Amino acid sequence: MLIVFSGLPGTGKTTIAKALAAQTNAVYLRIDTIEQAIRDAGVFPQGVGSSGYQVANALALSNLALGHTVVVDCVNPVAESRQAWSETALRASTSLVNIQVVCSDQHEHQRRVETRASDIPGLTPPTWQSVLAHEYEPWHDAPFTVDTAQLPAAEAVAMITRQLASQR
């Protein structure tokens, strides 16, 4: 199973995705970590572009082929990146579960963004202005959505776990 968490920075994706991956013993792939490693390598002086997503899709496919569940933590803002995950699941002959994480309380979302510290060496956390300006296309088919303004992370993980169990 390929489980892809999507949403703007500061919504709680990483907290929930990490907890779910640990609880289910899944492979955890975080785009921020991959992109920072690419930046640190100095491979693309103009920026990483879509390379982090391409690397993550390749890693997901190889782990899915080994029979592992894969949890991906990413913004996943555009139709092209969402389609790539769908193609990866199809190539691996596995199911894809899209989970969108939102924070409907704008003040809480802003507080989270402005007070967060990066847990990835070298990665500068986004500013609230950059989050507001971030491209994020509407979904064609609404994914399973978790609102972290309404649900603590532990409850969100429990709800997602129940949802995944009902889909197996």
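With the checklist (1) closer than 18 Å to I160 by Cα; (2) touching a helix residue (DSSP H, G or I) at 6+ places or on another chain (Cβ under 9 Å) in hand, flag the one item A22 doesn't pass.
A22 satisfies every listed condition except (2).
With V78, V55 as the choices, which residue is farther than 23 Å from D141 by Cα and surrounded by fewer than 21 Cβ atoms within 10 Å (Cβ to Cβ)?
Details: V78 fails: farther than 23 Å from D141 by Cα.
Result of the check over V78, V55: V55.
Only residues that are at pLDDT 95 or above and either within 15 Å of V4 (Cα to Cα) or polar (S, T, N, Q) (or both): list them for the range 128-143, please.
Q129, S130
Pairs, please: C-beta under 9 Å, at least 6 apart or cross-chain, first residue of a type in the set (F, W, Y) and in the range 28-51, second assigned to a helix (DSSP H, G or I)?
Between residues of the range 28-51 that are of a type in the set (F, W, Y) and residues that are assigned to a helix (DSSP H, G or I), the close pairs are Y28/A17; Y28/K18; Y28/L20; Y28/A21; Y28/A22; F44/I38; F44/S51.
Taking the criterion of being in contact with a helix residue (DSSP H, G or I) (Cβ under 8 Å, 6 or more places away or on another chain), more than 19 Å from R30 (Cα to Cα) and among the β-branched types (V, I, T), would at least one residue in the range 103-120 satisfy it?
No, that holds for no residue.
I need every pair where a residue in the range 63-76 that is over 30 Å from S130 (Cα atoms) has its Cβ under 7 Å from the Cβ of a residue that is of a type outside the set (F, W, Y) and in a loop (DSSP other than H, G, I, E, B), sequence separation at least 6 or different chains.
L64/A92; L64/T94; A65/A92; H68/A26; T69/M1; T69/A26
Six or more apart or on different chains, Cβ under 8 Å: which pairs go from a residue in the range 136-159 that's without any contact (Cβ under 8 Å) to a residue 60 or more places away in the chain to one that's surrounded by fewer than 13 Cβ atoms within 10 Å (Cβ to Cβ)? Could you list them?
D147/S104; A149/S104; Q150/S104
So in the range 81-128, with the set limited to residues that are under 15 Å from the mean Cα position of the chain (by Cα) and among the small types (G, A, S), which one is surrounded by the fewest Cβ atoms within 10 Å (Cβ to Cβ)?
Across the range 81-128, the extreme among qualifying residues is S86.
Of all the residues that make up the range 38-61, how many are assigned to a helix (DSSP H, G or I), small (G, A, S) and within 18 Å of the chain's Cα centre (by Cα)?
5
Would it be correct to say that T145 is under 22 Å from A84 (Cβ atoms), within 17 Å of the chain's Cα centre (by Cα) and not aliphatic (A, V, I, L, M)? Before the answer, list the steps.
Working: under 22 Å from A84 (Cβ atoms): yes; within 17 Å of the chain's Cα centre (by Cα): yes; not aliphatic (A, V, I, L, M): yes.
For T145, the condition - under 22 Å from A84 (Cβ atoms), within 17 Å of the chain's Cα centre (by Cα) and not aliphatic (A, V, I, L, M) - is met.
Got at least one residue in the range 9-18 being on the phi < 0 side of the Ramachandran plot, assigned to a loop (DSSP other than H, G, I, E, B), buried (at least 18 other Cβ atoms within 10 Å of the Cβ) and touching a residue at least 60 places away in the same chain (Cβ under 8 Å)? Lay out the reasoning, then the answer.
Here is the first cut: in the range 9-18, the residues on the phi < 0 side of the Ramachandran plot are 9, 11, 13-18.
Keeping just the survivors that are assigned to a loop (DSSP other than H, G, I, E, B) gives 9, 11.
Keeping just the survivors that are buried (at least 18 other Cβ atoms within 10 Å of the Cβ) gives 9, 11.
Of the ones still in play, those that are also touching a residue at least 60 places away in the same chain (Cβ under 8 Å) are 9, 11.
The answer is yes, given that some residue of the range 9-18 is on the phi < 0 side of the Ramachandran plot, assigned to a loop (DSSP other than H, G, I, E, B), buried (at least 18 other Cβ atoms within 10 Å of the Cβ) and touching a residue at least 60 places away in the same chain (Cβ under 8 Å).
Out of the residues in the range 135-164 meeting the condition of being of a type in the set (V, I, T) and touching a Ser or Thr at 6+ places or on another chain (Cβ under 8 Å), tell me which one is farthest from D105 (Cα to Cα).
Per the stated criteria, the residue is T161.
Look through the range 129-168, keep the residues that are charged (D, E, K, R) and closer than 26 Å to Q23 by Cβ, and return whichever of them is surrounded by the fewest Cβ atoms within 10 Å (Cβ to Cβ).
R168
The values are calculated or read from the model by the stated rules, or taken from the named source; none is laboratory data. On a predicted model such as this, the values are computed, not experimentally measured, just so you know. Glycine also receives a Cβ, built like all others from the backbone with ideal geometry; neighbour counts cover every protein chain displayed.
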